[in-house]
Amino acid sequence: MKNRLEHLAIIMDGNGRWAQERGYNRTKGHEVGAEVVRDITQYCAKEPDIKSLTLYAFSTENWKRPKMEVNYLMKLLERYITKERDTYMAHGIKFETIGDISIFSSKLQKTLKETRELTKHNNNLTQILALNYGSRDEIVRAVKKVVSSGKEVDEESISKALDTPYSDIDLMIRTSGEQRLSNFLLWQLSYAELYFTPTLWPDFTTEELEQIIDDYKNRNRKFGGI
Ligand code: FPP
């Protein structure tokens, strides 16, 4: 039997290198990367099995980048989400975020909140953007929540207290050839299949995604069994 793919997660890496290789400013890579986000999201919305798509859009470490690049990414996010609202509605996509967004400008927070509210009844696909997200931070906050509620600390209570009480990840893809998790969904990736492709994110296509999904579907998932 082929594996079912319900929850796909992607570390979208390589925007900067893509731009630099072409003599552009790094921000050009992010701009083209946002278009790829659109294509991949629409593809996933059309696949009946895929219910969630979690994308690493901004990590807690990304604040270390030059201020100009951080500002550009914030503006791009704001622009992308505002522009995507029609697409979210047309394709039945629910928009969600994980991570601590309280640090973002009130304008961006408002856009995120309004988009979440607008799309909350859509049910083809949930697109979850990880924003100012770090997995260790998420786990620590979840354990604190469980302890302060007086519940027993166990796998179920922690899973439910995470920012992502959606489902475990089935497949995680990282682009650009780097082979590490970079503090992304450490708890939820426990039994995920991992796929690392050398393709830089702005060059990533739905055709390559299809090939990767095909590879995943034929893998032997054991979940610790034999
Ligand atoms: C990694 O490339 C990418 C990011 C840190 C940001 C991801 C952002 C996008 C894909 C575009 C905007 C997103 C949305 C949702 C609109 P990098 O800059 O680390 O590349 P490098 O490793 O080659 O320097």
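Here is how the numbers come out for the structure above:
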quantity	calculated
Candidate set from the range 1-18 (those that are in contact (Cβ under 8 Å) with a residue 24 or more places away in the chain and small (Gly, Ala, Ser)); member that is nearest to residue 210 (Cα to Cα)	9
Only listed residue being among the β-branched types (Val, Ile, Thr), at pLDDT 95 or above and more than 13 Å from the ligand (Cβ to nearest atom), chosen from 11, 40, 81, 50	50
Count of residues meeting criterion [under 17 Å from the mean Cα position of the chain (by Cα) and near the ligand (Cβ under 9 Å from one of its atoms)] in the range 62-77	4
Selected residue (only one of 8, 53 is open to solvent by less than 20 Å² (accessible area, probe 1.4 Å) and in contact with an Asp or Glu (Cβ under 8 Å, 6 or more places away or on another chain))	8
Residue among 23, 29 that alone is of a type outside the set (A, V, I, L, M, F, W, C) and either touching a residue at least 12 places away in the same chain (Cβ under 8 Å) or within 9 Å of the ligand (Cβ to nearest atom) (or both)	29
Pair list, Cβ < 8 Å and 6+ apart or interchain, from the range 42-62 residues that are at positive phi to residues that are of a type in the set (S, T, N, Q) and modelled with pLDDT of 95 or more	none
Residue within the range 147-154 that is within 16 Å of the chain's Cα centre (by Cα) and surrounded by 13 or more Cβ atoms within 10 Å (Cβ to Cβ) present	no
Candidates 134, 177, filtered to the one that is open to solvent by 20 Å² or more (accessible area, probe 1.4 Å), touching a residue at least 40 places away in the same chain (Cβ under 8 Å), more than 18 Å from residue 39 (Cα to Cα) and within 16 Å of the ligand (Cβ to nearest atom)	177
Search result, residues across the range 115-131 that are open to solvent by less than 80 Å² (accessible area, probe 1.4 Å) and assigned to a helix (DSSP H, G or I)	115, 116, 119
Flag if residue 17 is out of contact with any Ser or Thr (no Cβ under 7 Å at 6 or more places or on another chain), near the ligand (Cβ under 9 Å from one of its atoms) and among the basic types (Lys, Arg)	no
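The values are calculated or read from the model by the stated rules, or taken from the named source; none is laboratory data. Bear in mind that the values here come from a model prediction, so they are computed numbers and not experimental data. Backbone-built Cβ (ideal geometry, glycine too); neighbour counts: all protein chains shown. For accessibility, only protein heavy atoms count, side chains too; no ligands or nucleic acids. Shrake-Rupley method; radii C 1.70, N 1.55, O 1.52, S 1.80 Å.
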